[in-house]
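Data first, discussion second: the structure below is written as C-alpha cells.
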Amino acid sequence: MFRFRDCEGEEKPELVIIPMVDVMLFLLAFFVLVAGSIIPGLAIKTNPPETVQKSTFHPKREVVTIVVKKDGSFWYGKQKLTFNQLVRLLKSFKKKNPQISVAINADKDANVQSLVNVLDAVQKANIGSVGLIAKEKDESSR
C-alpha cells in the first residue's frame, strides 16, 4: 500500500544561487572573448565616408573586414599588414572558405591609392565579393 509522509518533517525547497552565478560569469566571459574575435575590424576606429544609399550588402557567408587608416596602412584586427601580407591573409581565408566576402572599412581621409591597393589584394586572392563600409546620412543634409 501507499505510505504518506507525515507533515511534521516536511522540507522547504531551497534555491541555490551560487552555481547559477558561476554559469552567468562564464557566459559573460565567453561572450566578451567571442565578440572581440567576431568583429575584428571594429577594433580600430575609423571615420568612414557618408552615403545616402541604403546598404544592399547582406552577405550570407563569412566576412573579413580590412581596415584602411587615414595614413594608408592596412589592418586586420589589431595587426598591421603590408600589401604582400594582406594578399597572403586573403588567400588563406579563401582557401578555408571559397565563399568568403571582404568588407573594406576605409577612413574617409585615406587616399584613394590605399583603397585601390586593397582592391588589388582582393583580386589577387581571387575573391569576388567585396563591399565598402560607409555611414548613412540624412538625405536632407545633402
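Here are some notes:
- Electrostatic tally near LEU86: other residues with Cβ closer than 12 Å to its Cβ, Lys and Arg +1, Asp and Glu -1, net +3.
- Our estimate of slack between GLN99 and LEU119, defined as 0.36 nm per intervening residue step minus the Cα-Cα distance, is 5.5 nm.
- Label-point gap, in nm, between ARG61 and SER73 - each point 7 angstrom along Cα→Cβ: 3.0 nm
- Theoretical gain in end-to-end length, VAL23 to SER129 [0.36 nm per residue, Cα-Cα removed]: 34.2 nm
- Violating pairs (Cα-Cα greater than 19 angstrom) within the set LYS70/LYS108; LYS94/LYS124; LYS70/LYS94: LYS70/LYS94
A short reminder: the numbers here are calculations on the coordinates, not readings from a lab. The structure presented is a predicted model; accordingly, all values stated were derived computationally and were not measured. Cβ coordinates were reconstructed from backbone atoms using ideal geometry, including for glycine residues, and neighbour counts include every protein chain displayed.
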